[in-house]
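The values are calculated or read from the model by the stated rules, or taken from the named source; none is laboratory data. Here the structure is a predicted model, which means the values were calculated and not measured. Backbone-built Cβ (ideal geometry, glycine too); neighbour counts: all protein chains shown.
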Amino acid sequence: MLRGEHRALARQAGCPWLSLATVLPIRYRCISCGNLTRFDVTTTSTRRAFHHYSVGGELVVEEDHVIAETVDEVLCRWCAAGGTVEEVEHQTS
Ligand SMILES: [Zn+2]
């Protein structure tokens, strides 16, 4: 299980409309089983979007921007709540 706050990092990267996952994808590793590829990630995000209604009341959502996003919980898909998940450091080339 892992909890962390990544609020406003996308803004710091100069792209306030992009989610953190778009700017710098976070990688995880389950310490318990070694899983690197399958996780249930719970996030809370603040979004701004243009809601465009037709005269008849049909809604089309456009320009959906993520303003802030917080990772609430990361669970290993194989261990579920029993696994211990950590973030993997990004490798700069
Ligand atoms: Zn695991």
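Residues in region 51-70: is at least one within 30 Å of residue 33 (Cα to Cα) and in contact with a Phe, Trp or Tyr (Cβ under 8 Å, 6 or more places away or on another chain)? No, that holds for no residue.
Conditions (1) at pLDDT 95 or above; (2) away from the ligand (no atom under 14 Å from the Cβ), marked per residue:
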residue	(1), (2)
28	yes, no
45	yes, yes
54	yes, yes
57	yes, yes
63	yes, yes
71	no, yes
78	no, no
83	no, no
87	no, yes
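Candidates in region 30-42 are the residues that are loosely packed, with under 14 Cβ neighbours inside 10 Å and in a strand (DSSP E or B); of these, the one that is farthest from the ligand (Cβ to nearest atom) is 42.
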